[in-house]
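Notes for the one structure printed next.
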């Protein structure tokens, strides 16, 4: 019903407005008495064989929601009722910012894809922390960390540490995001020297806390092999806990959508089915060349249970969905978890 009736209706409207509408509907639905029980019956797959212990955290199942869907930590409780084992909120910056001008989110239905140039729109670290204090779910909560657009790169370290500090008490793991293509100069921080400085600063602050919490790095699908080798070296040197592969892409290769239409959308990060192959390649490369030295969370082009299985077989420990959730609907986590059980993957 979702793909034949609900999705076509939603796709008549501007994508970002639909996102806010869905958030409103989710929150409204779960106010209704008995809704959580119904959701548990409809969406949740409970089985000990799905549990995963990764970087010291126990996940009830391997399927999560990627950063970008719940930017301000306003939906994470409701999303967990749809069967997700973890939800990554953000990207969060120290100070709230409006992001890039609208329109900034575009669908490519022929490609099962999205192009976004949101620009880290969020309410800031204080607002996100307050929202996370309302946590009711047992699902793992990750926090995606970013810098403010107006912060010069030479001061970026301070922004990442500030967001880590602000969310330390309320999040379970943290992701340093330097690979989003929608902040004009952010890609410069992927340089090994800049990257090590940021990760070292976050890890040093982490060591001052009562408990060391997992810190991960989110990498771009547009990195070449030499750059991926640098990523492996950086992880070895900074002692962070893992990777998320991959972010959105600036590539437009292989799209079915009319080139002029895509060009009209201008700059932005591509997500969805077109990233599936490249995301898997990156995961395979990192897993093989690091000899499995660190956990990888897979994201990029996961629209089916088969896509998720492919990522896990390539070396990922967990998977995340975003665009696939939009195109495939609320039963996606259930389908993936049932397929994992059927495959016998551990």
| note | By residue number, the members of region 46-72 that are over 13 Å from the mean Cα position of the chain (by Cα), closer than 14 Å to residue 174 by Cα and assigned to a loop (DSSP other than H, G, I, E, B) are 55, 56
| message | Looking at 136, 213 in this structure, which one is farther than 30 Å from residue 276 by Cα and surrounded by fewer than 23 Cβ atoms within 10 Å (Cβ to Cβ)? | response | 136
| task | Starting from residues that are closer than 14 Å to residue 114 by Cβ and at pLDDT below 95, keep the ones in region 253-265 and report whichever is farthest from the chain's Cα centre (by Cα). | result | 261
| field | Residue check, residue 108 more than 28 Å from residue 168 (Cα to Cα) and surrounded by 22 or more Cβ atoms within 10 Å (Cβ to Cβ) | value | yes
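From 95, 65, grab the single residue that is touching a strand residue (DSSP E or B) at 6+ places or on another chain (Cβ under 6 Å), farther than 20 Å from residue 219 by Cα and either buried (at least 24 other Cβ atoms within 10 Å of the Cβ) or modelled with pLDDT of 95 or more (or both). Steps first, please.
Values: 65 fails: farther than 20 Å from residue 219 by Cα.
Result of the check over 95, 65: 95.
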| Inside region 279-346, counting only helices (runs of 4 or more DSSP H) that do not spill past its ends, which hold 3 or more residues that are without any contact (Cβ under 8 Å) to a residue 40 or more places away in the chain? | 305-314, 332-343
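In the set 100, 148, which member is surrounded by 16 or more Cβ atoms within 10 Å (Cβ to Cβ), part of a loop (DSSP other than H, G, I, E, B) and in contact with a strand residue (DSSP E or B) (Cβ under 6 Å, 6 or more places away or on another chain)? Walk me through it before giving the result.
Details: 100 fails: in contact with a strand residue (DSSP E or B) (Cβ under 6 Å, 6 or more places away or on another chain).
So the residue among 100, 148 that is surrounded by 16 or more Cβ atoms within 10 Å (Cβ to Cβ), part of a loop (DSSP other than H, G, I, E, B) and in contact with a strand residue (DSSP E or B) (Cβ under 6 Å, 6 or more places away or on another chain) is 148.
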| task | For residue 114, state whether it is assigned to a helix (DSSP H, G or I), under 26 Å from residue 77 (Cα atoms), in contact with a helix residue (DSSP H, G or I) (Cβ under 7 Å, 6 or more places away or on another chain) and modelled with pLDDT of 95 or more. | result | no
| field | Complete set of residues in region 242-269 that are more than 20 Å from residue 314 (Cβ to Cβ), touching a residue at least 40 places away in the same chain (Cβ under 8 Å) and in a loop (DSSP other than H, G, I, E, B) | value | 250, 255, 256, 257, 266, 267, 268
| Among the residues of region 127-145, how many are in contact with a helix residue (DSSP H, G or I) (Cβ under 9 Å, 6 or more places away or on another chain) and either more than 22 Å from residue 320 (Cα to Cα) or assigned to a helix (DSSP H, G or I) (or both)? | 5
| remark: Within region 216-241, of all residues that are more than 14 Å from the chain's Cα centre (by Cα) and outside any helix (DSSP H, G or I), the one nearest to residue 292 (Cα to Cα) is 241
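The values are calculated or read from the model by the stated rules, or taken from the named source; none is laboratory data. From a predicted model like this one, the values you see are computed outputs, not experimental measurements. Cβ: placed from backbone, ideal geometry, glycine included. Neighbour counts: every protein chain shown.
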